[in-house]
1. May I ask you to derive the FRET efficiency for Val500 and Gln655 from their Cβ-Cβ distance with R0 = 41 Å, giving the value to the nearest 0.05?
2. Tell me, in nm to one decimal, what length is gained between Val2 and Tyr71 on full extension, where the rule is 0.36 nm per residue of separation less the Cα-Cα distance?
3. Could you state the angle between the C-alpha long axis of helix 33-49 and the longest principal axis of the C-alpha atoms of the chain, as a value from 0 to 90 degrees rounded to the nearest 10?
4. For segment 289-304 and segment 434-478, what is the separation of their Cα centres, given in Å?
5. Please sort by residue number the trypsin sites (Lys or Arg not before Pro) in segment 506-609 whose DSSP state is loop and whose Cβ has at most 14 other Cβ atoms within 10 Å.
6. Loop only by DSSP, 12 or fewer other Cβ within 10 Å of the Cβ. Give me the chymotrypsin sites (Phe, Trp or Tyr not before Pro) in segment 39-80 that pass, ordered by residue number.
7. Please report the spacing between the Cα centers of segment 230-253 and segment 167-185 in Å, no decimals.
8. Could you give each residue of segment 184-195 its phi-based ³J(HN,Hα) in whole Hz, using Karplus coefficients 6.51, -1.76, 1.60 with θ = phi - 60°, and x for Gly or Pro?
Amino acid sequence: TVSDARIVLGGATSSLLQASNTVSAIRGRKLDDATFRLALAALQKEIIANPSRDMRYSATYRSKLAASFLYKTFLAASASLPASLRSALEPFVPAAARPISRGTESFGTDSGESPVGQFVPKRSSYIQASGEAVYPSDFGGKEALFGQLVFSTSANATLIALDASAAFLPGVRGFITASDIPGINVVNGALGGDNLKEKLFFEVNDHIPCIGIPLGLVVADTWQQAHHAASKVVQLYRGAGHVVTSIEDALQIGAVEKGGAGVQRPHGRRGVRNEFAGGVENLAASRPARGDQLTAKGVFTTGGQSHFYMETQCACATPHDGDELEIVVSDQDSNTTQTNIALILGVPQNRINIKVPRAGGGFGGKLLRQCVNAGAAAVAAKKLRKPVRVQNNRSDDMRAVGGREPLRFDYSANFDKTGVLSTMDMKMTIDPGWFFGDVEGDLTMAVQWADNCYRFNDGIKVTPWAAVTNTPHRTSQRAPGNVQSVLATEVVLEHVAKTVGRPVEAVQELNFYREGDVTPFGDHIGKDGFNWTIPRLWSQVQKDASYAERKMAVEEYNKKNRWTKKGIAISPVKYIQSLDDHWSGALVCIYGDGSVTVSSGGAELGQGLDTKVALCVANALDAPLELVHVGPRETSKVPDNCATGGSTTSEASAQAAILACEKLVKLLKPYRTGKTTWEAAAAAGGADKIG
């Protein structure tokens, strides 16, 4: 029996709640189910009477969370509990039960293929671990001025005034706006189409679609001065309308458009096959199920995701002779950066040199979004004739860069009573942010991965749509579009398995493609370079992981525990890639002492691209690895390179370096006789001025 109690609740209401009415409901009563229901009703009334104004979480979520804490309190105060309820009071994995984390790495090596056949640590790992590695955000030194972007503070409104007079504080050198742009005021003019909507700096009387739109750049002697001054720029708006923040909002007001319509597609951006930008249909998928078939219908959604690369968007622009400019950028696609900066400044591309020593992560977020900071830095440097560096702080970066796109999948699948798939009709709706633009590439990838590893015997129909919202523009992120699409198809397979009462993995395996099958996208399984290893891997991973035994243990645990559950699952993935859309260049220089410098077209993002290139060069030249150095990527040395992405750029960059080395090997062949060392051969060839 409860003699007295104190219940205090935080987070569910606008202020700290001392739940006195709830206490009154339980005082003098036994802690049983009836008392809990009385207490819960009283607590919910107290929460409703003082609701929280925090918009991040719904009132329903807060109420249910408070109810769960109240329930656990009742359980904790009970003298004894049934075994099935005890787990509700235990940490899912007690800290004391966690062993020290450990692991092993096993690398297959081939001594006959040294150095490429040997394990080699990433060559820059030591200076990265010590903090000595130089990144784009380190450039500028004492000479550079600092720029701070001024971002819009309103959404779906018209900017009627932009007053920077209060921002001209001590140390401030200028306020850069659209009027200072000598070329075109477009972030990604090279991509054309829908991308032309995005200005580098939006102007007075422009419609501002969302918060986080760049309006100008404050330039000052220090970053602190620039950041403080940017907060003093006055923005005035009028006509603020309804703000659409989600796919559901857009669907309610009809703000959707067919994917693949009216957008100029960027060649080579992602290796997507553009003929599927508008979707795919190779069946009568819309027909109703036959009498002997079952149907699974549903809606599955995935949220967005922030990149959170370690180095935020940054660039340092330095003016040189005449209209030449060198820009050190943290990016994944220097060719696109160079092209767009040349358009913004109104100069030929050969006046712009993009340099990338390495980037502090990218994950797709620096394929295009880097052009905002790089463009702003370039315009300021050209106007002020001084080096200017522009880097977002973390909060600005997450406010201005939309990240991975949310997606909604409406599906209908037909199948027989054993789970054999017949057809699938899937509508994909993507949230691209405030305009569609280059997100079309991600949506097209989602379409192309919709079949995953499964044969739909009577075909599939996939229709892409875009729901434009008043949020920052989205962009690629690690397997853009396809990670969501594959997951959605796995949800369909799970729905089918639950309907027919079979284990999910059994229905998955039942519907795997077989060698000789042709996918809806024209891929021939098991030929034309499309290796089909899924069946073998599927069997092997279950054996190696003791999957069946672990699944039985999970099921047994779940039977005995009502409030905590465990899970185990296995999923296959078919990753396709178009080799035609990935190309790279390389410049290999051999010096008189035998040392070698390689300029590669691919971006070192932390994945070890430079190490792979160095290994392949040492192997191709038969030179000591320690003499090979891979330098910064520069468009003046290796132009017109594809973007670094799609899990193919390391290989393309290495192959380009190998092809260059093969030409050098022919030139050095007369000097590599007998026991002549690499260094001696290089010196002799250099003395004869070969090449």
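1. According to the calculation, E is roughly 0.30.
2. The span from Val2 to Tyr71 would gain 23.3 nm if fully extended.
3. 60 degrees
4. Each part's Cα centre sits 18 Å from the other's.
5. For trypsin sites (Lys or Arg not before Pro) across segment 506-609 that sit outside H, G, I, E and B with at most 14 neighbouring Cβ atoms in 10 Å, the list reads Arg514, Lys527, Arg562, Lys565, Lys566.
6. Those satisfying the criteria are Tyr57.
7. Each part reduced to its Cα centre gives a spacing of 25 Å.
8. Per-residue couplings from phi come out as 8, 8, 9, 5, 10, x, 5, 8, x, x, 5, 5 Hz.
The values are calculated or read from the model by the stated rules, or taken from the named source; none is laboratory data. None of the values given here were measured: they were computed from a predicted structure. Glycine also receives a Cβ, built like all others from the backbone with ideal geometry; neighbour counts cover every protein chain displayed. Just the protein is used for accessible areas: all its heavy atoms, side chains included, with ligands, DNA and RNA removed. Shrake-Rupley method; radii C 1.70, N 1.55, O 1.52, S 1.80 Å.
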